[in-house]
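A.B. asks: Quick one: the structure is below, and I'll ask about it shortly.
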């Protein structure tokens, strides 16, 4: 009986050290976030009550860009001033300021002399705030002169944001 217990113990030890059969597999987990970069809710039409020096129009808009390298915002005036609807290339100059401290936006444009497609840019650093979006970027346009000619005056401002 002692021999069978010893043999049984040796067999059990052999099974323990031989180990059970095993196999291993791996999987990689991943995904992606779609790129988002936009300016939204800018009023499509802002009108000065009077075309006089110092008159202002203001608006607020949303900005979001989830590129880790940040973004570049640009502001472009199509006519380079408020152009008279009746007298081509004659108009009233103005200054535009856009700002939003949390994302580092501080962009100005002097549309004073009627140079078409005048533009200025501001580089915004990548940040959690910019990636999440802000809805209170400020926009103010201030006239730098008086309207001389009767009739309407207009310009098209384009606000753009591009991922870096």
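The values are calculated or read from the model by the stated rules, or taken from the named source; none is laboratory data. Source: prediction; values computed, not measured. Note that each Cβ is placed from the backbone with ideal geometry, even for glycine, and that neighbours are counted across all protein chains shown.
A.B. asks: How many residues are over 15 Å from residue 160 (Cα atoms), under 12 Å from the mean Cα position of the chain (by Cα) and at pLDDT below 95 if we restrict to segment 104-133?
C.D. replies: Number satisfying all stated conditions: 1.
A.B. asks: Which of the residues that make up segment 105-125 are within 17 Å of residue 39 (Cα to Cα), crowded, with 17+ Cβ neighbours inside 10 Å and in contact (Cβ under 8 Å) with a residue 40 or more places away in the chain?
C.D. replies: Hits for segment 105-125 are 105, 122, 124.
A.B. asks: A follow-up question, please. Which of the numbered conditions does residue 131 fail, given that it passes all the others? Conditions: (1) surrounded by 15 or more Cβ atoms within 10 Å (Cβ to Cβ); (2) in contact with a strand residue (DSSP E or B) (Cβ under 6 Å, 6 or more places away or on another chain); (3) within 18 Å of residue 36 (Cβ to Cβ).
C.D. replies: Result: residue 131 passes all but (2).
A.B. asks: If we scan segment 142-150, do we find a residue that is touching a strand residue (DSSP E or B) at 6+ places or on another chain (Cβ under 6 Å), under 15 Å from residue 72 (Cα atoms), in a strand (DSSP E or B) and touching a residue at least 60 places away in the same chain (Cβ under 8 Å)?
C.D. replies: Within segment 142-150, not a single residue is touching a strand residue (DSSP E or B) at 6+ places or on another chain (Cβ under 6 Å), under 15 Å from residue 72 (Cα atoms), in a strand (DSSP E or B) and touching a residue at least 60 places away in the same chain (Cβ under 8 Å).
A.B. asks: Going through 57, 63, 52 one at a time, which residue ends up being at pLDDT 95 or above and within 11 Å of the chain's Cα centre (by Cα)?
C.D. replies: Of the residues listed, the single one that is at pLDDT 95 or above and within 11 Å of the chain's Cα centre (by Cα) is 63.
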